[in-house]
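The values are calculated or read from the model by the stated rules, or taken from the named source; none is laboratory data. Bear in mind the structure is a predicted one, so any value in this text is a computation, not a measurement. Don't worry about glycine lacking a Cβ; one is built from the backbone with ideal geometry, like all the others, and counts go over all protein chains shown. What goes into the accessible areas is simple: the full protein's heavy atoms, side chains included, and nothing from ligands, DNA or RNA. Shrake-Rupley method; radii C 1.70, N 1.55, O 1.52, S 1.80 Å.
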Amino acid sequence: MNDQSRKSYDAIIVGAGVIGSAIAFELAKKGWETLNVDKLPASGYGSTSNSCAIVRAHYSTFDGVAMAYEGFSYWKDWSNYLDCKDERGHAIYMQSGTVLFMLEGGHHEKVLPLFDQVGVPYEILSNDELRERYPFYEHGTHGEPCRPEDDRFWDEPEGELIGALYTPDSGYVSDPQLASHNLQRAAEAKGGEFRFNVEVVDIRQANDRVAGVTLADGTQIDAPVVVNVAGPHSFVINKMAGVYESMNIKTKALRHEVHHVPSPAGLDFEKDGLHSSDSDLAIYVRPESGNNILIGSEDPACDPQVWVDDPDDYDDVVSDDQWNAQVLRLARRVPSLGVPSDKKGIVDLY
Ligand SMILES: Cc1cc2nc3c(=O)[nH]c(=O)nc-3n(C[C@H](O)[C@H](O)[C@H](O)COP(=O)(O)OP(=O)(O)OC[C@H]3O[C@@H](n4cnc5c(N)ncnc54)[C@H](O)[C@@H]3O)c2cc1C
């Protein structure tokens, strides 16, 4: 049970999304007395709730690949990792595997040496193997990504993929909000505390170091460590702490649309599909329950980048233009895809 009047902890964690809840769990396991504070009513209600929750390893740095690879083992053995029950049940890891389509000079060239260094299991699939396993994918390449408004979008393919990099351990999490709740319960089982519906309005400092946080109702809570995991609001917290301007790597909130379309007739993408990363068309897809396909964007230069100044005030309605761009891009890769008139999807911030 949380002691709502307690005023001092080893660490205060600002945010109780999947990252904040995971940090609480890991610190609590090491004996830290932690408090997560979140302005929303429950864990994982921020950007985590709208995440595609894809778990993949093809990052561009050794550290990124190594961390993601370690993550596979937790997701694949989630209940044991948590070591704790949750009255809502545990999130399920859908180990669909990933194909990263390969292009001459493409991202796989950076990734493969890192996979070898880290020991990430993978297979290189030829186009014939790709066709045999995933016959619904076309193999054409289309040059620099462009938008459907551009005549070039409709040109015949310029060339062919050179196969795909397949990672069998990757996939996606059935319900990222539930995964976050699981981590909250796991942290609480080790003594971590959470307070919801409380907003941090100041990061206090004393003697040139952090001293704690102040909440909107004036409550002051002290800790020698304050962890900023406020997701798209993290730059706001950095500004509160007075450190934003001096940071070498600044964060900003980027608007991101993800669209849902039904699988083509005769294809059970939920069962036979997989997470696919397509830098030729600048999209990624994964199966979604109800035999749907979820389509995200790899944010190509031709697409408008909408940076958001106020993460509490942005346009969260799916736009016709971006829906067309992402869905028609997938229709180039999956020619049997029907393009529905009903534009379903979500909008959130990275
Ligand atoms: C549409 C979309 C799709 C994505 N798909 C993927 C994917 O497939 N795979 C992947 O790995 N990642 C994906 N991401 C990114 C991933 O979802 C995020 O990196 C992750 O969920 C962030 O978790 P978090 O805990 O850091 O942030 P959040 O879940 O946003 O949590 C931050 C919390 O901080 C709280 N907070 C903010 N300000 C304050 C304050 N002042 N006081 C108190 N509380 C505060 C918020 O209420 C919120 O609950 C996607 C993101 C989006 C938007």
Please calculate the 1.4 Å probe accessible area of Met102, with all protein chains present, and give it to the nearest 10 Å². 10
Sequence-distant lysines (8 or more away, or on other chains) whose Cα lies within less than 26 Å of Lys271: Lys76, Lys343, Lys344
Suppose R0 equals 22 Å; then what is the FRET efficiency for Ala265 and Lys344 from their Cβ-Cβ distance, rounded to the nearest 0.05? 0.80
Nearest 5 is fine: what % of DSSP beta bridges in the chain come out antiparallel, could you say? 75
Would you please calculate the Kirkwood hydrodynamic radius of the range 27-153 over all C-alpha pairs and express it in Å, rounded to one decimal? 18.7
In Å and on Cα atoms, what radius of gyration and Dmax does the chain show? 21.8, 66
Using only DSSP helix segments of four residues or longer, with each worth -39500 (n - 2.57), what per-residue ellipticity at 222 nm results for the chain after dividing by its residue count and rounding to 500? -7500 deg cm²/dmol
Connecting every pair of Cα atoms under 10 Å apart in the chain and solving the GNM, the largest mean-square fluctuation among Val327, Val99, Val317 falls on Val317
When only DSSP loop residues count, what GluC sites (Glu not before Pro) in the range 145-245 have their Cβ near at most 10 other Cβ atoms within 10 Å? Glu149, Glu245
Using a Gaussian network model on the chain with a 10 Å cutoff between Cα atoms, which of Ser180, Ser73, Ser263 fluctuates the most? Ser73
Here, GluC sites (Glu not before Pro) of the range 84-142 satisfying both criteria (DSSP loop; at most 12 other Cβ within 10 Å) are Glu87, Glu104
Checking Gln305, Gln326, Gln184 against a Gaussian network model of the chain (alpha-carbon springs below 10 Å), the top fluctuating residue turns out to be Gln305
Extending each Cα 7 Å along its Cβ direction at Val201 and Ser79, get the distance between those two points in nm, one decimal. 4.5
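Calculated FRET efficiency, Asp150 and Trp307, Cβ-Cβ r, R0 22 Å, to nearest 0.05? Please report the intermediate quantities before stating the final value.
Working: r = 23 Å, r/R0 = 1.05.
After rounding, the FRET efficiency stands at 0.40.
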